[in-house]
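Structure first, commentary second.
None of the figures in this text is laboratory data; all of them are computed from the coordinates on show. Quantities reported herein were computed from a predicted structural model and do not represent experimental measurements. Here the Cβ positions follow ideal geometry from the backbone for every residue, glycine too, while neighbour counts run over all protein chains shown.
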Amino acid sequence: MSGHNIKLIVEYDGSRYAGWQIQKDQPTVQGLLGEAISKITGCEVTITGAGRTDAGVHALGQTANFQIEHRLEPERYAEAMNYYLPDDIRVQDSCEVPQSFNSRYDAVWRRYRYLISSKRTALYRNFRWETAGELNFDRLQQAAALLSGEHDFKPFCVVASQKEDNRCRIFHSRWFRWGDLMAYEIRGNRFLHSMVRSLVGAMVNLAQPTQDENRHNLTLARFADILQSDNEERIVFTAPAHGLYLRSVGYGKDESE
């Protein structure tokens, strides 16, 4: 019996998990997916995810894959896994892919969404950043436009996770607004650890009213300078994890989707 490479599309509420990646004595999405597969098949598998989301971060379309030797039809894994998974993790789709497919290394782009609201609520507080006061939407949009193209995002990365090459290519960066709800959408070929949350934190800082003379807000000019110049300055404004979603992951040659 030949092995199978199974691809999953996974949605999850990250509120009560220590992130995607397996950690000792901590509940994780990757760990629970592996446990579900083990209960179904009796096999221990290694699950590869397209993005290692942090604690509290959500996903609408995380892509994952695993190799397994079992007779279960690939399309049935989704339903079978959901039987054993908690309600805040759902496998939306499962299918067989070529043996060479790797959900992490074959990804052409990843798309993230960040939600912000100026309104405080009882129901949605764990799924968006509820800020105090209005933000300058035009300034947010101007800052987002500066991110398109290829840049060194070292200033927006956790120091311990910086790579030898910290350059990322951003295909799409834009804010949207519906009443008191704002959404930031960014799509790029790769993302550094906490990069999206640092970018959002910086943009919110420069879009806040400067009524407090003791608060040092970023300016658009300073934001652009940090983005375009080689310096060691690190952005220290980090948006909360619970407003961030891994929306989708793209494969293939088309970078324009």
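Below is a table of values for the structure above.
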item: Hydrodynamic radius by Kirkwood, which averages 1/r over all alpha carbon pairs of segment 167-213, in angstrom; result: 12.4 Å
item: Check: segment 4-97 dipole with +1 on Lys, Arg Cβ and -1 on Asp, Glu Cβ, in debye; result: 160 debye
item: C-alpha center-to-center spacing [segment 94-128, segment 1-38] in angstrom; result: 14 Å
item: Dimensionless Rg/Rh of segment 108-251 - Kirkwood Rh, Rg from C-alpha atoms; result: 0.95
item: Compactness relative to 2.2 N^0.38 Å, alpha carbon Rg of segment 4-97; result: 0.97
item: Overall Cα dimensions of the chain, principal axis frame, Å, largest first; result: 68, 41, 34
item: In degrees, nearest ten, helix 29-41 long axis to first principal axis of the chain (Cα); result: 10 degrees
item: Magnitude of the charge dipole, segment 4-45, Cβ model with Lys/Arg +1 and Asp/Glu -1, debye to 20; result: 40 debye
item: ³J(HN,Hα), Karplus 6.51/-1.76/1.60, whole Hz, each residue of segment 153-159, x for Gly, Pro; result: 9, 3, x, 10, 10, 4, 3
item: Cα-based Lys proximity count in the chain, under 24 Å, for pairs eight or more positions apart or on separate chains; result: 4
item: Rounded to the nearest 20 debye, dipole of the chain from Cβ charges on Lys, Arg, Asp, Glu; result: 300 debye
